[in-house]
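Input: a single structure, listed below in structure tokens.
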Amino acid sequence: MKELGYQPNRIARSLRTATSNTLGLVIPNFENPIWAVVVDGAETEADARGKTLIVASAARTPGRVQQFLDLGAHGGLDGILIATAGQTDTPPADAPVPWLLLNRRAEGSRRYLLLDDEAAAHRATTALIDLGHTRIAHLSGPAHAESAGRRTSGYRKAMADHGLAPGPILEADYSFTGGNTATDALLAAGAETTGVVVANIASASGLLVGLRAHGKHVPDDISVIAIHDHPLAGAFDPPLTTVSMPLFEMGRRAVALLLDTDPQDAIEETIPDGIELIPRASTAPPKA
């Protein structure tokens, strides 16, 4: 058939096998650029498996996960990847289709794939300490996001490992607006702060704009480092120092696990590698 140039018809195949050959991925929003990398990895693996990937944002439609579960119950999806942070978005054990949580755990759930957020935050904090910073603040993610808690733990551990007391820890959501609006609180909470570890690059971009509006120069007055990397980080003003994480691999691995694991089996996996410091112009030694 290959010699004749025959291409299998996915629709015809799905009718024969009683599958849709379609997977769903629910992400929190389209604003945070890291999700484009995760989607790229997931789509790459889905294509290699002869599957189509449908991506939807939970921010646009509350109850999006339930919509996908209902679609799966009627044969429209063969599996669902869930990257939202809300605990209410965790399917029941007897869900009609296989599912997997991305970068979060849920009480009673044993189906998740995690990034090593604690190690990434520890690496980011240590990078500032290695430059000579001792008064380091942390701009965290939202309290309801389990990944934010792991990153805060990594920040705390790095400070403790070097005999330093933690600085101000302020909550922001994973968005430009969250980082921008947290600027006032950050400056008010720590006048002597010389470095900030930000939980993700979207909020870091907002913080950079906010600091500039307050007349603060990065990195002369304050160094900023963020978790996650993206090509856009190099275009920020100044270019943002980051700690990259294996986002593409998370998307790719998630699809592979979803398709290769029995729906009743546990998946409790953390991607162990792929954390890398990307130095750019937003970090420097503190002023003497």
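The values are calculated or read from the model by the stated rules, or taken from the named source; none is laboratory data. Treat the numbers as computed from the prediction; the structure is a model and nothing was measured. Glycine gets a Cβ as well: all are built from the backbone with ideal geometry, and neighbour counts include every protein chain shown.
In the same structural domain as residue 140 (by TED's automatic domain parsing), in contact with a helix residue (DSSP H, G or I) (Cβ under 7 Å, 6 or more places away or on another chain) and either buried (at least 17 other Cβ atoms within 10 Å of the Cβ) or not β-branched (Val, Ile, Thr) (or both): does that describe residue 267? Spelling it out, it is not the case that residue 267 is in the same structural domain as residue 140 (by TED's automatic domain parsing), in contact with a helix residue (DSSP H, G or I) (Cβ under 7 Å, 6 or more places away or on another chain) and either buried (at least 17 other Cβ atoms within 10 Å of the Cβ) or not β-branched (Val, Ile, Thr) (or both). Being closer than 20 Å to residue 150 by Cβ and among the β-branched types (Val, Ile, Thr) holds for only one residue in 270, 241, 283, and it is 270.
Of all the criteria given as (1) touching a residue at least 60 places away in the same chain (Cβ under 8 Å); (2) over 30 Å from residue 236 (Cβ atoms), the one not satisfied by residue 38 is (2).
Tallying residues that are without any contact (Cβ under 8 Å) to a residue 60 or more places away in the chain, under 15 Å from the mean Cα position of the chain (by Cα) and part of a loop (DSSP other than H, G, I, E, B) within segment 211-263 yields 1. The numbered conditions (1) over 24 Å from residue 276 (Cβ atoms); (2) free of Cβ contacts under 8 Å to residues at least 40 places away in the same chain; (3) in contact with a Ser or Thr (Cβ under 9 Å, 6 or more places away or on another chain) are all true for residue 191 except (3).
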